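**Q** Got a structure for you, questions after.
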Amino acid sequence: QMRSKISLIKEKSNTDLVNSEVQDPSTLSFKEQTPTDTEITSHQYSIRAGLVKQIASGIYSWLPLGLLVLKNIEGIIRDEMNKSGAIEVLMPCVQPANLWQESERYNNYGKEMLRIKDRYESNMLFGPTHEEVATDLIRGMVKSYKNLPLCLYQIQWKFRDEVRPRYGIMRGREFLMKDAYSFDTDYKNALNSYNSMYKTYIKIFKRMGFTPIVVRADTGLIGGNLSHEFHILASTGESTLYYDNKLPELLKNEDVESLKSIYAVADNIHHTKTCPIPQEQLSLSKGIEIGHIFYFGNKYSKPMNAKVTTQNGKNVNIHMGSYGIGVSRLVGAIIEAFHDDKGIIWPEAIAPFRIGLINLQIKTGKCVEIANKIYKTLKSDKVLYDDTEESIGVKFARMDLIGLPWQIIVGKKAVSENLVEIKNRVTGEVKEIQIEEAINRFT
Ligand SMILES: Nc1ncnc2c1ncn2[C@@H]1O[C@H](COS(=O)(=O)NC(=O)[C@@H](N)CS)[C@@H](O)[C@H]1O
């Protein structure tokens with residue numbers, strides 16, 4: 001059985017979820033009331049459901065329920081990146097300033113960069129991104145075209161001293177990113193790497209339970225002349241997306257070739273007068289940017305002297321691209337896109353647990369037995385068991401808030417008619433079925 005490893009600090013307004021000896025890693029503190037400084041739903045729910053706890057502006061501890069979701073998101077990303085042929089590495093958070101002086105980004109990166117000094121007064125920084133580190137890695141390892149194409153990726157914490165962290169984990173200062181870096185001998189091959197990541201991203205987000213909207217975008221501080229942003233649609237999204245209304249269909253069919261020609265842009269490059277399609281063919285949506293990919297050629301390999309010898313013996317700068325996904329942002333963005341007034345509605349693929357098991361009759365020995373039996377029979381990393389002494393109302397409200405895809409509810413009928421209720425959190429539909437059938441259905 002998974003034992004609770006953490007008994008988080010109980011605050012007066014909190015109740016812990018499971019307080020019997022049969023514990024889950026979910027011995028959490030829950031806040032009944034809505035935290036005051038939250039502007040959007042996902043920020044409120046992530047605090048109330050005990051996913052994260054803020055320790056400073058834009059900086060969070062990840063509590064058991066939130067960490068399970070983060071790990072599920074990482075798992076999907078890792079699986080699809082590996083299938084694309086990318087190779088996982090792990091680069092350091094703390095970086096020496098001299099790498100950024102070589103690329104000449106050190107002085108123009110601005111106040112977002114957290115600058116540190118080590119004990120010898122050397123200038124260091126907490127990485128907001130890793131193009132320089134990745135280029136330094138490759139210039140030491142790769143000398144010949146035979147080693148390319150190569151795509152390295154990591155899932156690593158970043159720090160960006162955002163002037164206004166907001167919306168909780170959606171725009172944090174310390175945040176988790178999957179960042180990948182591709183290396184090729186020329187533009188044509190680099191474009192292949194770019195397109196391969198484009199397709200991989202669509203696969204990743206579809207596995208998480210939604211089709212992203214992909215738009216051509218600005219390249220900003222990362223640089224280069226080609227970039228696409230991936231967005232999850234949400235009315236509270238900070239970006240306005242302008243696209244041909246044929247786009248969603250093409251994305252569903254992953255028709256990458258036609259995607260290249262269709263009009264789809266982020267707000268910072270859309271202009272009504274230069275828009276090539278008629279108004280009636282244009283869709284407008286709010287989106288949350290969850291991924292951003294770039295091609296920037298030799299922007300880093302030239303100043304940092306990362307070269308390879310090509311097949312015909314020429315010594316050329318490596319063509320590079322970088323590909324980011326906001327792993328921790330996704331936890332908030334997915335809540336923003338999937339919730340109702342009762343709480344979170346997790347897509348099954350990333351839910352912290354698959355089933356919420358609620359025993360309504362904690363004083364009835366037989367019900368406790370049945371609930372414990374169901375809990376023990378089903379794989380305990382799939383079941384969150386609420387056997388607290390709380391009222392029925394609190395139990396239902398809390399399980400709906402946590403937003404697991406399914407609930408199994410044990411009540412009086414479990415004893416009298418061998419029946420339990422199965423609730424589907426997405427549709428709200430509740431069905432009565434035999435206990436054995438419930439167990440078989442989720443085994
Ligand atoms: N302050 C932040 N909080 C949470 N997620 C963020 C934050 N800033 C960026 N992200 C996420 O990180 C993704 C990639 O960031 S980025 O700046 O666009 N791209 C890069 O840093 C490149 N190095 C890609 S490897 C974004 O699409 C966004 O989803």
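**Q** Pairs of alpha-carbon atoms within less than 8 angstrom and 6+ residues apart define the contacts here; what relative contact order does region 331-443 have, in percent?
**A** Reported relative contact order: 28 percent.
**Q** So, one more: Rounded, prolate or oblate: which fits region 261-373, taking a ≥ b ≥ c as square roots of the Cα gyration tensor eigenvalues, rounded meaning a/c under 1.5, else prolate when a/b beats b/c?
**A** Values: a/c = 4.71, a/b = 1.82, b/c = 2.58.
Oblate shape, in that a/c is at least 1.5 and b/c is the bigger or equal ratio.
**Q** Can I ask one more? Let me make sure I get this right: for region 116-174, a, b and c are the square roots of the gyration tensor eigenvalues over alpha carbons, sorted descending. Under 1.5 in a/c it's rounded, otherwise prolate if a/b > b/c, else oblate. Which is it?
**A** In terms of gyration-tensor shape, oblate.
**Q** Kirkwood hydrodynamic radius, region 105-236, all distinct C-alpha pairs: what's the number in Å? Each step should come with its number before you reach the end.
**A** Numbers: mean 1/r = 0.0579 Å⁻¹.
Its Kirkwood hydrodynamic radius stands at 17.3 Å.
**Q** Still on this model: Which whole-number percent gives the relative contact order of region 71-137, counting Cα pairs below 8 Å spaced six or more residues apart?
**A** 31 percent
**Q** Long-range amide H contacts for GLU238: which residues qualify at under 5 Å (H placed 1.01 Å from N, peptide plane, sequence gap of 5 or more or a different chain)?
**A** GLY287, GLU289
**Q** Accessible area of region 161-311 with a 1.4 Å probe: how many percent of it is carbon plus sulfur?
**A** Answer for region 161-311 is 48 percent, counting heavy atoms of protein chains only.
**Q** Which whole-number percent gives the relative contact order of the chain, counting Cα pairs below 8 Å spaced six or more residues apart?
**A** Relative contact order, the chain: 15 percent.
**Q** Using a 1.4 Å probe, what is the accessible area per residue for the chain, in Å²?
**A** On the way: 19440 Å² over 443 residues.
Per-residue value: 44 Å².
**Q** Sticking with this one: Of the heavy-atom accessible surface of region 38-90 (probe 1.4 angstrom), what whole percent is carbon and sulfur?
**A** For region 38-90, the apolar C and S fraction of the accessible surface comes to 52 percent.
**Q** Can you sort LEU251, LEU90 by solvent-accessible area, 1.4 Å probe, largest first?
**A** Working: LEU251 0, LEU90 125 Å².
From most exposed to least exposed: LEU90, LEU251.
**Q** While we're on this one: Rounded to the nearest 500, what is the chain's calculated 222 nm mean residue ellipticity when only DSSP H runs of at least 4 contribute -39500 (n - 2.57) each, over all residues?
**A** Here the helix-only value at 222 nm equals -8500 deg cm²/dmol.
**Q** What does the charge dipole of region 237-296 about its Cα centre add up to, to the nearest 20 debye, if the Cβ of each Lys and Arg holds +1 and the Cβ of each Asp and Glu holds -1?
**A** Details: 5 positive and 9 negative charges, 27 e Å.
That gives a dipole near 140 debye.
**Q** Label region 360-443 by shape, choosing from rounded, prolate and oblate, from the square roots a ≥ b ≥ c of the eigenvalues of the Cα gyration tensor; if a/c is under 1.5 it is rounded, and otherwise prolate applies when a/b is larger than b/c, oblate when it is not.
**A** Here region 360-443 falls in the rounded category.
**Q** Can you pull out the GluC sites (Glu not before Pro) in region 217-302 that DSSP calls coil and that have at most 15 other Cβ atoms within 10 Å?
**A** Sites meeting the loop and neighbour criteria: GLU238, GLU254.
The values are calculated or read from the model by the stated rules, or taken from the named source; none is laboratory data. Computed from a predicted model, the values in this text were never measured in an experiment. Using ideal geometry, Cβ is built from the backbone for each residue, glycine included, and neighbour counts are taken over all protein chains shown. To get the accessible areas, we keep the full protein, side chains included, count just its heavy atoms, and leave off ligands, DNA and RNA. Shrake-Rupley method; radii C 1.70, N 1.55, O 1.52, S 1.80 Å.
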